[in-house]
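Some notes on the structure that comes next.
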Protein chains: 2
Amino acid sequence: MTSPSAIQDSYPYQNEPIWSRSEKTIARKAFDAALGRELHEVIQETQKMASQIQHSSDLWDLEHYLTQRRKEIDSKYDYRYSRLTHVFGKLLYQNRLGEEDLRGLREDKLNSIRSVAQFLAKYAA
Amino acid sequence: MTSPSAIQDSYPYQNEPIWSRSEKTIARKAFDAALGRELHEVIQETQKMASQIQHSSDLWDLEHYLTQRRKEIDSKYDYRYSRLTHVFGKLLYQNRLGEEDLRGLREDKLNSIRSVAQFLAKYAA
């Protein structure tokens with residue numbers, strides 16, 4: 001006999017929030033804007049570090065900085081709908097986007113995103 | 001019975017050239033000067049690439065360039081006396097130093113260095 005919970009387990013993603021077409025548009029815009037701002041920061045910092053290079057150690061410091069930032073950005077900006085709540089929560093916590101960027105998302109999603117941000121703030125404290 | 005060649009094999013480094021004190025001074029100076037010039041080129045190229053960054057792909061191209069150059073320089077500039085003939089031969093082949101930088105080394109060393117440079121030139125052709 002198949003219990004309701006067994007059926008539920010066979011659809012692992014059914015509890016994930018569904019993103020409507022208009023929410024997907026808002027999410028994509030907020031995501032791209034935050035990523036664009038972060039990349040702009042990396043470009044500015046890279047140009048600053050490059051202009052101040054005097055010794056070979058400064059070269060390898062710049063290489064290390066770029067490697068770290070690339071890995072961090074690759075890991076943080078994960079545009080899968082199953083991950084977006086977490087992604088936006090982290091960006092909110094890091095002040096890389098504001099609630100105004102997410103206006104138009106359903107309240108349950110906004111609450112989940114705020115929860116992630118609050119958890120990360122507590123965890124860091 | 002131990003043959004002369006077996007004795008020779010038990011001292012793997014005995015055929016390596018001995019570097020006199022004055023040759024070591026010349027070698028160190030030539031080595032450091034070539035390394036300094038190469039690092040200076042990398043610094044200039046890095047600053048040029050950084051100043052032209054427009055897209056994120058330019059950032060990761062710069063990171064890749066730095067990683068490649070660091071590995072290449074680490075591998076090429078190997079200041080062990082057992083490796084110096086090869087190191088100088090390669091630098092001579094790449095026009096990163098001239099014979100004038102090596103003036104004062106014994107003729108047998110100069111010949112070995114020229115041989116390495118000629119071998120690399122033939123190999124590349």
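Observations
- First in the range A:58-85 and more than 14 Å from chain B (Cβ to nearest Cβ) and touching a residue at least 12 places away in the same chain (Cβ under 8 Å), second anywhere and surrounded by fewer than 16 Cβ atoms within 10 Å (Cβ to Cβ) and not charged (D, E, K, R), Cβ under 6 Å, 6 or more apart: none
- Pick from the range A:27-38, criterion crowded, with 17+ Cβ neighbours inside 10 Å and of a type in the set (A, V, I, L, M), ranking: nearest to the other protein chains (Cβ to nearest Cβ): A:L35
- Residue match in the range A:51-61 (condition: within 22 Å of B:L66 (Cβ to Cβ), small (G, A, S) and within 10 Å of the chain's Cα centre (by Cα)): no
- Top-ranked residue of the range B:39-57 - restricted to ones that are in contact with a Phe, Trp or Tyr (Cβ under 9 Å, 6 or more places away or on another chain) and under 29 Å from A:R37 (Cβ atoms), ranked as nearest to the other protein chains (Cβ to nearest Cβ): B:T46
- Within the range A:89-113, considering residues that are without any contact (Cβ under 8 Å) to a residue 60 or more places away in the chain and over 21 Å from A:E38 (Cβ atoms), the one nearest to the chain's Cα centre (by Cα): A:L110
- Residue tally, condition at pLDDT 95 or above, among the charged types (D, E, K, R) and part of a loop (DSSP other than H, G, I, E, B), over the range B:81-102: 1
- Answer residue from the range B:42-82, given it is of a type in the set (K, R) and loosely packed, with under 14 Cβ neighbours inside 10 Å and is farthest from B:R106 (Cα to Cα) among those: B:K48
- Scan of the range B:18-54 for residues that are closer than 26 Å to A:E45 by Cβ and of a type in the set (V, I, T), ordered by number: B:V42, B:I43, B:T46, B:I53
- Subset tally (residues that are among the aromatic types (F, W, Y) and farther than 28 Å from B:S56 by Cα) for the range A:73-125: 2
- On inspection, A:E99 passes the criterion of being touching a Lys or Arg at 6+ places or on another chain (Cβ under 9 Å) and away from chain B (no Cβ under 11 Å).
- Residues that are closer than 17 Å to A:K24 by Cβ and surrounded by 13 or more Cβ atoms within 10 Å (Cβ to Cβ), drawn from the range A:92-125: A:L97, A:D101, A:L102, A:G104, A:L105, A:R106, A:K109, A:L110, A:S112, A:I113
The values are calculated or read from the model by the stated rules, or taken from the named source; none is laboratory data. This is a predicted model, so every value here is computed, not measured. All Cβ positions, even for glycine, are placed from backbone atoms using ideal geometry, and neighbour counts span all protein chains on display.
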